[in-house]
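Below is one structure, written out as structure tokens; the observations come after it.
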Amino acid sequence: MFKKMVFSALSVAVFSAVLTSPIQANSVGGHKEPSLASARWSSDEEWIRKSAAVPAGWVVIREDLGSKLIKNTAGAPYGEELRVSKYSPVPAGWVVLRDEVAGRVIKYVIGATYRTEFNVTKFSPIPTGWVVSRENYDSKTIMNVVGAPYGTVLLVSKYSPVPPGWVYEGQVAAGKYIKNLNRY
């Protein structure tokens, strides 16, 4: 009797797992149907070996003894924040908002309007089209300059990157001047 109940429960669990499989739900005869969900923010997560390389565009969410959980960041909306592992790679377009004991918080900044600013950690990557406007002991403030009017001159930090289409104009004690030559 006990064996029969276990077998019945096991077969129901397997059968329901097959019916609710995302692979089966998204495919018909082996052909994957395009969907709006795949064009939006991805929630793909995968467990991989701890020694395996993390693919470009993926972040490490959590680590266990012999494996790590990674998440795909493709299609993230502007402003999305993720809590990731301390040593997770930071994909292009993402910045490190703060370091925490167990990890760090990253934010997707592509799509921000001109002059949007964020305070990020000292060692956060600077996305293309952003400059460092101020620096502190353990952080820096970055500003989006995409969409700035032609001829705009800005005073930025000495070590700020010069975005594409901008030129170096000169240096002062407080930083350097850059000028926009982009015509949007």
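Observations on the model:
- Coupling constants for the range 46-53 follow from the phi torsions by the Karplus curve (6.51 cos²θ - 1.76 cosθ + 1.60, θ = phi - 60°), and in residue order they are 9, 8, 10, 5, 4, 7, 6, 6 Hz; glycine and proline get x.
- Rounded to the nearest whole Hz, the Karplus-based 3J(HN,Hα) values (6.51 cos²θ - 1.76 cosθ + 1.60, θ = phi - 60°) of the range 96-109 follow the sequence 9, 6, 7, 9, 10, 4, 9, x, 8, 10, 10, 9, 8, 10, with x at glycine and proline.
- Cleavage-rule hits, trypsin sites (Lys or Arg not before Pro), the range 146-182, DSSP coil, Cβ neighbours within 10 Å at most 13: Lys158
- Quotient of C-alpha Rg and 2.2 N^0.38 Å, computed over the range 73-184: 1.10
- Accessible-area composition of the range 72-112, carbon plus sulfur, in percent [1.4 Å probe]: 54 percent
- Kirkwood radius for the range 130-176, taken over all pairs of different Cα atoms as the inverse mean of 1/r, rounds to 11.2 Å.
- On a per residue basis, the range 35-176 carries 56 Å² of accessible surface, using protein heavy atoms and a 1.4 Å probe.
- Of the chymotrypsin sites (Phe, Trp or Tyr not before Pro) found in the range 140-178, those in coil by DSSP whose Cβ has at most 14 other Cβ atoms within 10 Å are Tyr150, Tyr159.
- Couplings 3J(HN,Hα) for the range 139-154, derived from phi with the Karplus relation 6.51 cos²θ - 1.76 cosθ + 1.60 (θ = phi - 60°), are 8, 8, 9, 10, 9, 7, 10, 5, x, 5, x, 4, x, 4, 10, 10 Hz, where x marks Gly and Pro.
- With 21 Å as the limit, the listed pairs Lys86/Lys122; Lys107/Lys158; Lys86/Lys107; Lys71/Lys107; Lys158/Lys179; Lys107/Lys140 have Lys107/Lys158 beyond it between alpha carbons.
The values are calculated or read from the model by the stated rules, or taken from the named source; none is laboratory data. No experiment lies behind these values; they were computed from the predicted model shown. Using ideal geometry, Cβ is built from the backbone for each residue, glycine included, and neighbour counts are taken over all protein chains shown. The accessibility values were calculated without ligands, DNA or RNA, using every heavy atom of the protein model including side chains. Shrake-Rupley method; radii C 1.70, N 1.55, O 1.52, S 1.80 Å.
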